[in-house]
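The structure appears below as structure tokens.
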Amino acid sequence: MILGPVFHRELRLMPRRPKIYVARTAYGIAMLVIACTVCLLLTGTQRVRDPGDFARFGSTLFELLATLQLLIFVFFGGILSAAAVAQEKDRHTLDLLLMTKMNNSELVAGKLMSSLLGLFVLLLTAVPILLFGTFFGGVSPQQVAWVTGITIAGVLISGSLGSTFALWREKAFQALAMTMLVLVLWLGLGRLTAMGVFGSTLMGIPSEIVAVVVSPFEAVLFASRPFADLGGGMGALSSGNAVTGLDISPVAFFMGLSVVFCVVLNGVSMLRIRTWNTAHDAERFRREDETWHRPSIWSADNREAPQTIAELEAAQAIGAQGDIVATSEVAVSASAVNRANSKPVSANPDQRTDLSQQNLEGRGVMSSPLAVTPLAAATARVADAGEQRFKPHREVWDNPVLWREIRTWAYGRKILVVRLVFLLLFAAAAFYLGNQVLYGTRLTAEAMAMTLVPLFLISIVLVNAQAVTSITGERDAKSLDLLLVSDLTPKEILWGKLGGIFYNTKEMWGLPLILCVVLGVTGQVAVENAIYMAVDLALLFFFVAVLGVHVGMTYESSSVGTATSLGTVFFLFLGIATCMWMMILFSGSFETQLQSFLAFMIGGGLGLYVALGARNPSPAIGFASFIAPLATFYAIASLLIGHTLSVFLVIAVTYGFATAAMLIPALYEFDVATGRTTISDQ
């Protein structure tokens, strides 16, 4: 077993799980539905006169399926690997794996490949469908092989990134956020390079070739183009001499660099896995040990101080055995010593000292200098300082859940790095838009869409990731059960979590909203449209936050819940964007195209209902699941023709209703879990 027992176990158990067969069937049907939709668009908007029309259809279909599959697999590769490792850390089972006889390579590589095994099975399912395009012409089996290889390389890179971040970071949200931010930056820089933003050439190499070498998305686009557009023949795929001076394809060069990058990432993880996941424990134990040996041990952490001489003598006896600190280092209050003999405490410090000495002598404790020293020293220090004062403790708010989310490092101190990376991404987008404005160039709709849409999308995804991990983290740590059996009301738990989500992601939703306001104030966007955009964006942020909480409470497995929540957001935006791309590609009447999209929309609504309402069904969730894809499609179509008011109303009503449909069952789910109500009472 080269990959170790972790991968071997997953390889043996996967064929026994029914969900893998359901996933394969659903993925194959989805790809066939997309192919049929494109075919209906072609026959409904164009005339097929000769085999060349079929060849163009085959190449277009192949390019669409290849790019869409790459984005889905790269996205889920990073998410699944990060969630799998984070789940092990949250449940403290990674510590058990580190204590086994497995070496670091078996642990890292085995966990990575086991988390990606399901994606590789789905990728094999898609190969026959991609080969189906060769019957139309315009696509060769070599192109299918190139695209499959690029997708595998992209999945390995994204999975290695997710695994490395999850092993490095202490919390699930940190790993997920860093993985998604790096993936967005990676694909975004590749797209900007291909567009020539950094120049037409880089180090004497055409920017298009450089983009193919460094970005899987550009590599898939390059490999899926018809050969006629590349200069003819397979020699076009071997034009890598511009890169290395050798007859190497840029796609092959990308795959080679991908292997090197994966080896480096996993090599670092193998070398540092025990340092990352044991050094902080040693540091925590050292801090606890220092705290335990402080003179103010009981007052420092609000523990109860000894109230009698007998308790103090017992503490001294235990300290002599080395279990705790000797009582010579323990400070007790003079009032506690006097309470042991039921004598009042004098207001005069000197008298208090005398009383303490008399009490100790009366009990025979000070008969020997060796036995007297610890208690006498402790009492003398207290007497000189007066009444021992306890360290001020932090006041907990009326809603302890909200207090814990805001006033403590509930998601680790390293969340600051996530915020810094997002601030850099936002600064880059704001700099580009501001630079255009300073030069007197009015921003076009295309320029704003290319800048704002990725920024808004990553913001929405980060808020959703924070929401779902705020619940799955509690579940994995077994602290959710404690919340459910406490006297907290469902409203306190739910609104406390939502308040913490928005507080911890305030930069990720606040800065995009501020940017919308700035665009309206500067006149780059009409004030009316700026208001529409800001309000709809705020509703979407609230929707994805409630979605994350709802999915986190629904699914017991944190990795499945995380993938479901983020996958829902991914479908609602990328899936609808794919439909709109097909609509623009095949121009025609709206009625004709709408009919061809109905099957895709209904199938998407069914999948959305299974993800959101299968475990907690309700008519409201079912209606919201089926109406959300259609409403989003209509909103984007209205935006393309300039009907901004329609976009605002449709998004506000649809996602507002979907949010309420998930929010109300969440309260009742808490009620049932806490025993306040039963299912028969609802």
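The values are calculated or read from the model by the stated rules, or taken from the named source; none is laboratory data. This is a predicted model, so every value here is computed, not measured. Backbone-built Cβ (ideal geometry, glycine too); neighbour counts: all protein chains shown. Protein only, heavy atoms only, side chains kept; ligands, DNA and RNA dropped before computing areas. Shrake-Rupley method; radii C 1.70, N 1.55, O 1.52, S 1.80 Å.
Test residue 521 against the stated conditions and say whether it is out of contact with any Cys (no Cβ under 7 Å at 6 or more places or on another chain), among the aliphatic types (A, V, I, L, M), open to solvent by 50 Å² or more (accessible area, probe 1.4 Å) and modelled with pLDDT under 90.
yes
Hey, can you tell me all the residues within the stretch 248-261 that are in a helix (DSSP H, G or I) and open to solvent by 20 Å² or more (accessible area, probe 1.4 Å)?
Once the filter is applied, which keeps residues that are in a helix (DSSP H, G or I) and open to solvent by 20 Å² or more (accessible area, probe 1.4 Å), the stretch 248-261 yields 252, 253, 255, 256, 257, 259, 260, 261.
Can you name every residue in the stretch 488-507 that is closer than 23 Å to residue 660 by Cα and open to solvent by 30 Å² or more (accessible area, probe 1.4 Å)?
Within the stretch 488-507, 489, 491, 492, 495, 502, 503, 506 qualify.
Given the criteria in contact with an Asp or Glu (Cβ under 9 Å, 6 or more places away or on another chain) and either crowded, with 18+ Cβ neighbours inside 10 Å or at pLDDT 80 or above (or both), does residue 510 qualify?
So residue 510 fails the test.
Do we find a residue being outside any helix (DSSP H, G or I), more than 22 Å from residue 397 (Cβ to Cβ) and either aliphatic (A, V, I, L, M) or within 19 Å of the chain's Cα centre (by Cα) (or both) anywhere in the stretch 531-540?
no
Filtering the stretch 97-114 down to residues that are of a type in the set (Ser, Thr, Tyr) and open to solvent by 40 Å² or more (accessible area, probe 1.4 Å), which residue is nearest to residue 74 (Cα to Cα)?
Checked the stretch 97-114; the qualifying residue nearest to residue 74 (Cα to Cα) is 105.
Report, by residue number, each residue of the stretch 16-37 that is touching a helix residue (DSSP H, G or I) at 6+ places or on another chain (Cβ under 6 Å) and either at pLDDT 85 or above or more than 14 Å from residue 129 (Cα to Cα) (or both).
Selection gives 20, 24, 27, 28, 31, 37.
Working only within the stretch 137-169, note down all residues that are of a type in the set (Ser, Thr, Tyr) and either under 17 Å from the mean Cα position of the chain (by Cα) or surrounded by 22 or more Cβ atoms within 10 Å (Cβ to Cβ) (or both).
Passing the criteria: 151, 158, 160, 163, 164.
Specify the residue that is nearest to the chain's Cα centre (by Cα); the eligible residues are those in the stretch 170-222 that are open to solvent by 70 Å² or more (accessible area, probe 1.4 Å) and within 15 Å of residue 253 (Cβ to Cβ).
Top of the filtered list is 208.
Please determine whether any residue of the stretch 4-17 is closer than 18 Å to residue 606 by Cα and open to solvent by 30 Å² or more (accessible area, probe 1.4 Å).
Scanning the stretch 4-17 turns up no residue that is closer than 18 Å to residue 606 by Cα and open to solvent by 30 Å² or more (accessible area, probe 1.4 Å).
Just name the residue that is modelled with the highest pLDDT out of those in the stretch 51-64 that are of a type in the set (A, V, I, L, M) and surrounded by fewer than 22 Cβ atoms within 10 Å (Cβ to Cβ).
Within the stretch 51-64, the match that is modelled with the highest pLDDT is 64.
Which one is nearest to residue 652 (Cα to Cα), of the residues in the stretch 540-579 that are open to solvent by 10 Å² or more (accessible area, probe 1.4 Å), hydrophobic (A, V, I, L, M, F, W, C) and modelled with pLDDT under 90?
For the stretch 540-579, the residue satisfying everything is 573.
Go through the residues of the stretch 440-453 one by one and say whether even a single one is closer than 25 Å to residue 546 by Cβ and either touching a Ser or Thr at 6+ places or on another chain (Cβ under 8 Å) or open to solvent by less than 50 Å² (accessible area, probe 1.4 Å) (or both).
yes
Based on this model, can you work out whether residue 236 counts as of a type in the set (A, V, I, L, M, F, W, C) and modelled with pLDDT under 90?
When the stated conditions are applied, residue 236 passes them.
Counting just the residues of the stretch 666-682 that are assigned to a helix (DSSP H, G or I) and more than 17 Å from residue 556 (Cα to Cα), which one comes out modelled with the lowest pLDDT?
679
Test each condition in (1) at pLDDT below 75; (2) surrounded by 14 or more Cβ atoms within 10 Å (Cβ to Cβ) for residue 48 and report the one that comes out false.
(2)
Somewhere in the stretch 133-156, is a residue assigned to a helix (DSSP H, G or I) and touching a Cys at 6+ places or on another chain (Cβ under 6 Å)?
yes
Keeping to the stretch 454-487, report how many residues are open to solvent by less than 20 Å² (accessible area, probe 1.4 Å) and not in a helix (DSSP H, G or I).
Matching residues across the stretch 454-487 total 0.
Can you tell me which residues in the stretch 541-578 are part of a helix (DSSP H, G or I) and either farther than 23 Å from residue 613 by Cβ or of a type in the set (Ser, Thr, Tyr) (or both)?
554, 558, 559, 562, 564, 565, 568, 577, 578
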